[in-house]
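Trainee: I'd like to ask you about the structure that follows.
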Amino acid sequence: MFTRLDHVGIVCADLEKTIDFYLETFGFELCHTEVNEEQGHREAMLRVNRTDDGGATYLQLLTPTRPDSVVGRWLATRGEGLHHVAFGTPDVAGAAGALGGQGLRVLFDPPRRGSMGSRVTFLHPKDCHGVLTEIVTH
Ligand code: MC0
């Protein structure tokens, strides 16, 4: 069902400072930035490594564009830190349908736009042992 760890989503207060930290400290490669108006955040994708299926694994740095977005509420109540993990699949709708059939709550049905033109959905963290879990198809 899943072919790789696609990315780890990290909420931060200052996107530019956090990008600089990860580039300078760990040497990751900044490969993309965008604003996701629908979700209410700005983000950067930092490549960690390429994977066997032709994809890659990224750190996704997220900062809110408005206080009432998911990322804005998270930053206000929990502060900076790990927000979600995302697994890559060739078929996000098929994977979501199969997991929904097992009783997991699928949060975006149908999938919505994600980073770099991907299609994404999420599984509720309470159904995944406390981890907000994203499914992504590039
Ligand atoms: C909430 N909870 C979490 C969590 N967010 N647990 C682990 N990780 C998280 N990120 C827990 C809370 O602690 C709480 O547990 C319970 O879930 C309800 O939380 P809440 O504070 O009432 O929050 P809600 O209900 O308003 O929203 C939670 C929910 C939401 C997961 C449904 O965050 C959501 O729809 N997320 C999917 C969209 C998203 O994450 N967008 C931003 C990134 P207790 O025990 O206190 O009741 S979008 C993105 O990154 C995409 C587009 C991309 O990769 O390109």
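Derivation of every value follows stated rules applied to the coordinates shown; laboratory data play no part. The shown structure was predicted, so the numbers you read here are calculated from the model rather than taken from an experiment. All Cβ positions, glycine included, derive from the backbone under ideal geometry; neighbour counts span all protein chains shown.
Trainee: Of HIS32, HIS41, HIS84, which is the most mobile in a GNM of the chain whose springs link Cα atoms less than 10 angstrom apart?
Mentor: Highest fluctuation among the options: HIS32.
Trainee: Convert 4 °C to kelvin, take the viscosity as 1.567 mPa s, use the Kirkwood radius over C-alpha pairs of region 1-58 as Rh, and evaluate the Stokes-Einstein diffusion coefficient in µm²/s, rounded to a whole number.
Mentor: Rounded to a whole number, D works out at 103 µm²/s.
Trainee: On to the next question. Could you give me D for region 77-133, from Stokes-Einstein at 37 °C and 0.692 mPa s, where the hydrodynamic radius is the Kirkwood radius over C-alpha pairs? Units µm² s⁻¹, please.
Mentor: Estimated diffusion coefficient is 271 µm²/s.
Trainee: Looking at region 15-77, which GluC sites (Glu not before Pro) are DSSP coil and have at most 14 other C-beta atoms within 10 Å of their C-beta?
Mentor: Counting only loop positions with at most 14 other Cβ atoms within 10 Å, the GluC sites (Glu not before Pro) in region 15-77 are GLU37, GLU38.
Trainee: HN-Hα J couplings of region 113-125 from phi, Karplus 6.51/-1.76/1.60, θ = phi - 60°, integer Hz, Gly and Pro as x?
Mentor: 6, x, 3, 6, x, 6, 10, 9, 9, 10, 9, 4, x
Trainee: Rounding to the nearest 20 debye, state how big the charge dipole of the chain is about its Cα centre with +1 on each Lys and Arg Cβ and -1 on each Asp and Glu Cβ.
Mentor: 320 debye
Trainee: Tell me which trypsin sites (Lys or Arg not before Pro) from region 31-138 have a DSSP coil assignment and no more than 15 other beta carbons within 10 Å of their own.
Mentor: ARG105
Trainee: Kirkwood Rh over Cα pairs of the chain into Stokes-Einstein at 25 °C, 0.890 mPa s: D in µm²/s?
Mentor: Result for D is 161 µm²/s.
Trainee: For a quick check: with amide H placed at 1.01 Å from N, whose amide H comes under 5 Å from VAL106's, ignoring anything fewer than 5 positions away on the same chain?
Mentor: When sequence neighbours closer than 5 places are left aside, there are no close amide H contacts.
Trainee: Let me have the 222 nm mean residue ellipticity of the chain computed from DSSP H runs of 4+ only, each contributing -39500 (n - 2.57), with the sum over all residues rounded to the nearest 500.
Mentor: Mean residue ellipticity at 222 nm (helix-derived): -6500 deg cm²/dmol.
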